[in-house]
1. Scan (1) more than 21 Å from the chain's Cα centre (by Cα); (2) under 19 Å from Arg4 (Cβ atoms); (3) not basic (Lys, Arg) for the single condition Asp61 breaks and write down its number.
2. Checking Asp112 against (1) modelled with pLDDT under 90; (2) out of contact with any Leu (no Cβ under 7 Å at 6 or more places or on another chain), which single condition isn't satisfied?
3. Being under 19 Å from Lys12 (Cα atoms) and in contact (Cβ under 8 Å) with a residue 40 or more places away in the chain is the filter; apply it to the stretch 82-101 and report the residue that is surrounded by the most Cβ atoms within 10 Å (Cβ to Cβ).
4. Determine, yes or no, whether Leu15 is in a loop (DSSP other than H, G, I, E, B) and either surrounded by 16 or more Cβ atoms within 10 Å (Cβ to Cβ) or outside the structural domain of Tyr270 (by the TED database) (or both).
5. Please name all residue pairs, on different chains or six or more residues apart, with Cβ atoms under 9 Å, provided the first residue is in the stretch 16-31 and is more than 17 Å from Asn85 (Cα to Cα) and the second residue is outside any loop (DSSP other than H, G, I, E, B) and among the β-branched types (Val, Ile, Thr).
6. Mind counting the residues in the stretch 31-76 that are acidic (Asp, Glu) and part of a loop (DSSP other than H, G, I, E, B)?
Amino acid sequence: IDYRALNVATVKDKLPIPTIDELLDELGGASIFSKLDLRARYHQIRVHSKDVYKTAFRTHDVHFKFLVMPFGLTNAPSTFQATMNQLFSSYLRRFFIVFFDNILIYSSSLDDHLQHLELVVHRLYSHKFYDKLSKCLFCKHSIEYLGHIVSSIGLTRYYRRFVAKYALIVSPLTDLLRKDAFEWSAAADSAFAALKQAMVEAPILQLPDFSQEFIVETDASNAGVGAVLMQKGHPIAYFNKKLSPRLQASSVYVKELHAIVEAVLKWRQYLLGSLFVIRTDHKSIKELLQQVIQTPDQ
């Protein structure tokens, strides 16, 4: 159904939707998982009787109205997420996370998990929400959730966040995307081979422990900047970014400083309010806070 006209007249719900990374960061210490998928998610929420007429549509011979929330309404995603958040408020981020109709239950032991699973299923059914059993998985030590493989040893996915120096590796390939610039070269061929190898060897990332100290290691080159977020020597996330032509022409000092700033901003949700260490191989940056006169970049 085309609800564009109705959506224009609708006051938008500004409910913040959690990011996938924020949700997955809650899984540290878990070793067993179950995934529930709700059947026809939006259709399990009824439309208020006074608003049913707004969902009306016509066919060649008759009008219909939705009694349940249809797909295509601008506030449907936030309404559904808010409903799940309210329904499971006492379980959220203790042993339960939800991203729209994708529910993940996580526990540190099988006994705990069975109890958690019973609590969640009972609450769903008591409020008349129903799963699609063919898409549910129960009591797994490794499970796919929102495109990631979640397991007791960490998190894996072939993605920029998971490959060290990704931006630097693919730089010859991204250059080909410029207008009138496509010409396959030896550098592009080498970059493609290196990227395939990096994908195959992409490490397993640890989930963060917010009670432990974070370490941010940064580095910069003529082409880009990179960083790794770690705890106890294990990588949690990688970050990399290609430098603009202006920054490529700047001094090594500025590039190394830019790498630190970009990494801290990227991982703000981990570092804000936490004790963390920055490691860089550029010794002069240690004297930054002692400088009396600073440059605009500083």
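The values are calculated or read from the model by the stated rules, or taken from the named source; none is laboratory data. Since the model is a prediction, treat every value here as computed from it, not as a measurement. Ideal geometry is used to build each Cβ from the backbone, glycine not excepted, and the neighbour counts take in all protein chains shown.
1. The one condition Asp61 does not meet is (2).
2. The single condition Asp112 does not satisfy is (1).
3. Per the stated criteria, the residue is Phe100.
4. Answer is yes for this residue.
5. Asp25/Ile236; Leu27/Ile97; Leu27/Val150; Ala30/Val150
6. Initial filter on the stretch 31-76 (acidic (Asp, Glu)): 37, 51, 61.
Among the residues that remain, those that are also part of a loop (DSSP other than H, G, I, E, B) are: 61.
Summing the residues that are acidic (Asp, Glu) and part of a loop (DSSP other than H, G, I, E, B) in the stretch 31-76 gives 1.
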